[in-house]
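For reference, the structure is listed below as structure tokens.
The values are calculated or read from the model by the stated rules, or taken from the named source; none is laboratory data. What you see is a predicted model; the values in this text were computed from it and never measured. Here the Cβ positions follow ideal geometry from the backbone for every residue, glycine too, while neighbour counts run over all protein chains shown. Ligands, DNA and RNA are excluded from the accessible area calculation, which covers all protein heavy atoms including side chains. Shrake-Rupley method; radii C 1.70, N 1.55, O 1.52, S 1.80 Å.
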Amino acid sequence: MEKEILYEGPDISYHNWNVDIKRVRDAGCRRVGIRAGYGKNNVDQKYVVNALACYNLGVAVLLYWFSYACNVAMAAAEAGYAIAQAAKYWKRCPIAFDFEYDSVNYARKNGVVITKALATDMAIGFLQRVEEAGYVPVIYTNRDYLRNYFDMDRIAAALGTVYVWYARYTSALPEGEKAIADVWQYSSTGRLAGVTGNVDMNKFYTDFDGSIIQAEREDRCNLNIKSFQAAANADGYRDADGKPLAEDGIDGPKTQYVRRQIALQAKKSGGRYVAGSTGAAVGWWQTRCNEILGHSQAVDKRYGPTSRTETMAVQRKLSLKVDGIAGYNSIQAAFYN
């Protein structure tokens, strides 16, 4: 039977900088792969913002942990780190063991030769812990690793069910390889709305049994958001009900509504930029620019040429659209950076 492609989607990490998950979703991507972290409890620097955006927008995920394990105990520990990050947002979702050439090189530098038996044992150790915690086990692999590192018969016997995320950069998979793949990572140079530059792209042949269950979570107060809410209130912005924002430090629907009303910018007069927007929100933005860049522009609550220049510097640093206007996406990025 011909395998049906259910949908496509990217996989992202810190290396993709700031990803606009809403634009990714609106481009038709129903699931996004997200690196939760790597090695000994190193959480990906963009995991929180990427995971939170998927959680809030109802986008399904495929989480993965890049392994630097040298033995089974280390691999099982990495699974625990991945589960801890997943549990912040999802009670159940797919979690992949990502063991690649850099993993083998790291082990070699630490005096460990990764044999096929050891790689298989580590995969089983990671994936069994994922399964025991109620998550869906996935193994990321390619043709070389299937031949030389992973004994899939032994992994399948140990797990019962394990999904295969298969990397092969080609225009079409041979039938034998297509039969193996539940997810096909077909490109590392994809282009997608909401992502700056190249991005890994995947075709999903499975929906993982619909296995996404969101966790009930209590958002913590983010002081960057709280100070923005206070500034917006001071400037007279109101939510859709005409009320001031609750200054709770949570970027909920009402705060997002207000963000859509704001576009801080300079104005052009006589061929040069002069002060345009003014007020407390401008002061908030100037402060965040200073904190993000380590600069010291005057916090005078007047958005003139210096603020425009500093805004473009922030936008370049955070891989945002460089237009010199502090609007919805730039303000959101400033919440979490």
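Brief remarks on what is shown
- Simple spin-label estimate for Arg238 and Tyr169 in nanometres, 7 Å along Cα-Cβ: 5.5 nm
- Taking 0.36 nm per residue of separation and subtracting the current Cα-Cα distance, fully stretching the chain between Ala179 and Asp209 would add 9.0 nm.
- Partners of Lys243 within straight-line reach, counting lysines whose Cα lies under 25 Å from its Cα and excluding those fewer than 8 residues away in the same chain: Lys226, Lys254, Lys301.
- Here the dipole of the chain is about 1300 debye; that uses its Cα centre as origin and unit charges on the Cβ of Lys and Arg (positive) and Asp and Glu (negative).
- The slack between Arg108 and Tyr7, meaning 0.36 nm per residue of separation minus the straight C-alpha distance, is 32.6 nm.
- The stretch 1-119: relative contact order as a whole-number percent, Cα under 8 Å and 6+ apart: 22 percent
- Label point at Ala298 placed 7 Å out along Cα→Cβ; residues across the stretch 264-292 whose backbone nitrogen lies under 12 Å: 275
- Length added when fully stretched, Glu291-Leu146, from 0.36 nm per residue minus Cα-Cα: 47.5 nm
- Reciprocal of mean inverse Cα separation for the stretch 184-321 (Kirkwood radius, Å): 18.0 Å
- Kyte-Doolittle at least 0.5, axis length at least 27 Å by Cα - qualifying DSSP helices, the chain: none
- Backbone N under 15 Å from the His15 label point (7 Å along Cα→Cβ), restricted to the stretch 116-152: 141
- Pairwise Cα inverse-distance average, inverted: Kirkwood Rh of the chain (Å): 21.8 Å
- Rounded percent of accessible protein surface that carbon and sulfur make up, the chain, 1.4 Å probe: 48 percent
- Inter-probe distance in nm under a simple model that places probes 7 Å from Cα toward Cβ, at Val274 and Arg191: 4.0 nm
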